[in-house]
Amino acid sequence: MGRSLGSVFKRAHAVELRGIHIPHNKATAEQPTTQMPLPSKIVLPMRQHVGAPCVPQVKRRQQVEVGQLVGHSDAHMSADIFSPVSGIVREIRQIHYSDGRSDEAVVIEPDGEQLVHQSVAPPQVSDFAGLIEALSHSGIVGLGGGGFPAHVKMDTDLSGIDTWLVNGAECEPYLSTDYREMMEHPDTILEGIKTCLDLSGIKRSLICIEDNKPRAIELLRTMSADDPRIDVFELPARYPQGASRVILRNVMGLSVPRGGHLTDVGALLYNVTTMSEIGRYLRTGMPLIKRRLTVMGDAIARPQNLEVYIGTPISEILEYCGCAPGPRKVIIGGPMMGTTQVELDVPIVRQNCGLLAFGVNGPVVPPVSACIKCSRCIDNCPIRLSPIDIHKAYTARDVKALDRLMADLCVECGTCSYVCPSKQPLVQSTHLARALLRSEQRKAKGRR
Ligand code: SF4
Ligand code: SF4
């Protein structure tokens, strides 16, 4: 028997709310989205999602149109890639990222016509299996940064699931792309939710929004008032409210067992822009080809929320927004969880939601000093891990200790590094520790 909305709220109020207060710096939040013109080229890496990379479905010098399939994989865990423009495929080449990764990429020169491919048509969907099948041709992935294919996440046993959480927390400083989606497209968000509830049989949906976005809370509450299955859950603005384990605990008072998933405790969680894209795709049949970014930072002359074609080079976006020459630091994503980018000719991919550029007044990496055993990193970790012990265990490459310390549960929110007065490289260590644990677990599986 499912829980009632009332019981969910009561339990949520009974649990300890976790997270820290950090400056929001969301100066672009009330600026409506603007559209960037077509760039000089579109670069589509074949890996823009969790799972197997796609294989190019087009050849050099081929004409392509908007919405045409460009990359596909037969693997279950993957997500198709579509052309955002009409134009000519100029080359298929390797691109290299600052973190050492490289990907095969299809490079398209736009022709300015924006002719739409004949395959673009609203899908006919009558049941949940049909919805999953339709979304497998949509290119929609987790747009909060996760990149998990939306159709794969749905393809699960629904029998124990009673709540579809929609994550509109957007707790990262600077970023306001989800907020703009809620303010500008509440209709497609609600269409997506209603269709998902209708076809899945899941009884209720909670749209979870931090209380620093009162206009979005009011708007979605008003617009969903006619459907008793949907409600808005107001969360205190604390970081990292949007991390899946944190939102589950803060909203429903539940914890995911180690190695488990949210579905094990009766919940599905989708980012609010992902849900809106689902609604939009079902209405229009146009796969995911654009992405809203918050472009900010002290090196940016015209900070804004900008809709760009997926595959637009970062360098062209920075130029369009009036970035001062030679920014000292460029970050894709937010300041807490984003990645520093050195090479600026790489493109924006579909799970990116921010682009920050800082100049002389930007952040500096402070010198590291000895740990003073203040325990702030432990006290403020939303998962209740011990980042300093994980750091020591990783430095010693002590895999057994990392396992005992449950380093794999880290959500890489960066809170520990942010609060540490000694500026120990804690999130860097937990990131590497997770990778080490994963690799050791794979080796152990291979030996069995
Ligand atoms: S250990 Fe991981 S989850 Fe905990 S505060 Fe640090 S980065 Fe966040
Ligand atoms: S917050 Fe920094 S100084 Fe304090 S215990 Fe953790 S690592 Fe040490």
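The values are calculated or read from the model by the stated rules, or taken from the named source; none is laboratory data. Everything numeric in this text was worked out from a predicted model, so none of it was measured. Here the Cβ positions follow ideal geometry from the backbone for every residue, glycine too, while neighbour counts run over all protein chains shown. When the accessible area is computed, the model is the full protein with side chains, heavy atoms only, and any ligands, DNA or RNA have been set aside. Shrake-Rupley method; radii C 1.70, N 1.55, O 1.52, S 1.80 Å.
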Only listed residue being polar (S, T, N, Q), surrounded by fewer than 23 Cβ atoms within 10 Å (Cβ to Cβ) and in contact (Cβ under 8 Å) with a residue 40 or more places away in the chain, chosen from T222, T273, T263: T263
Matching residues, the range 361-394, being within 30 Å of I317 (Cβ to Cβ) and surrounded by fewer than 16 Cβ atoms within 10 Å (Cβ to Cβ): N361, P363, V364, V365, P366
Filter result for G6 (within 25 Å of the chain's Cα centre (by Cα), modelled with pLDDT under 95 and more than 24 Å from Y179 (Cα to Cα)): no
Any hit, the range 337-345, residues being buried (at least 19 other Cβ atoms within 10 Å of the Cβ), touching a strand residue (DSSP E or B) at 6+ places or on another chain (Cβ under 7 Å) and among the aliphatic types (A, V, I, L, M): no
Residue match in the range 321-330 (condition: open to solvent by less than 10 Å² (accessible area, probe 1.4 Å) and over 30 Å from H137 (Cβ atoms)): yes
Qualifying helices (runs of 4 or more DSSP H) (wholly inside the range 149-253; at least 1 residues being of a type in the set (S, T, N, Q) and over 20 Å from the mean Cα position of the chain (by Cα)): 186-200, 214-223
All positions within the range 268-296 that are of a type in the set (G, A, S) and either under 17 Å from the mean Cα position of the chain (by Cα) or at pLDDT below 95 (or both): S276
Residue check, Y418 within 16 Å of ligand 2 (Cβ to nearest atom) and either within 28 Å of P23 (Cβ to Cβ) or outside any helix (DSSP H, G or I) (or both): yes
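Please verify whether K423 is more than 7 Å from ligand 2 (Cβ to nearest atom), free of Cβ contacts under 8 Å to residues at least 24 places away in the same chain, open to solvent by 30 Å² or more (accessible area, probe 1.4 Å) and over 21 Å from the mean Cα position of the chain (by Cα), treating the condition exactly as stated.
It is false that K423 is more than 7 Å from ligand 2 (Cβ to nearest atom), free of Cβ contacts under 8 Å to residues at least 24 places away in the same chain, open to solvent by 30 Å² or more (accessible area, probe 1.4 Å) and over 21 Å from the mean Cα position of the chain (by Cα).
Here's the yes/no breakdown for (1) over 27 Å from V120 (Cβ atoms); (2) assigned by TED's automatic domain parsing to the domain that holds P149:
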residue: I278; (1), (2): no, yes
residue: A299; (1), (2): yes, no
residue: P303; (1), (2): yes, no
residue: G311; (1), (2): no, no
Single residue of the range 381-394 satisfying the filter (more than 6 Å from ligand 1 (Cβ to nearest atom) and modelled with pLDDT of 95 or more) that is nearest to V246 (Cα to Cα): S386
Residue match in the range 395-415 (condition: of a type in the set (S, T, Y) and either open to solvent by 60 Å² or more (accessible area, probe 1.4 Å) or in the same structural domain as M296 (by TED's automatic domain parsing) (or both)): yes
Within the range 426-443, tally of residues that are open to solvent by 30 Å² or more (accessible area, probe 1.4 Å), within 11 Å of ligand 1 (Cβ to nearest atom) and in contact with an Asp or Glu (Cβ under 8 Å, 6 or more places away or on another chain): 3
Lone unmet requirement of (1) under 23 Å from the mean Cα position of the chain (by Cα); (2) away from ligand 2 (no atom under 14 Å from the Cβ); (3) open to solvent by 60 Å² or more (accessible area, probe 1.4 Å) for F358: (3)
Pairs where the first residue, in the range 177-199, is in the same structural domain as M275 (by TED's automatic domain parsing) and open to solvent by less than 10 Å² (accessible area, probe 1.4 Å) and the second is part of a helix (DSSP H, G or I) and of a type in the set (K, R), C-beta under 8 Å, 6+ apart: T188/R280; T188/R283; G192/R280
Qualifying residue in the range 110-119 (condition: outside the structural domain of C171 (by TED's automatic domain parsing), under 26 Å from the mean Cα position of the chain (by Cα) and open to solvent by less than 30 Å² (accessible area, probe 1.4 Å)): no
Check on P367, within 16 Å of ligand 1 (Cβ to nearest atom) and not assigned by TED's automatic domain parsing to the domain that holds R101: no
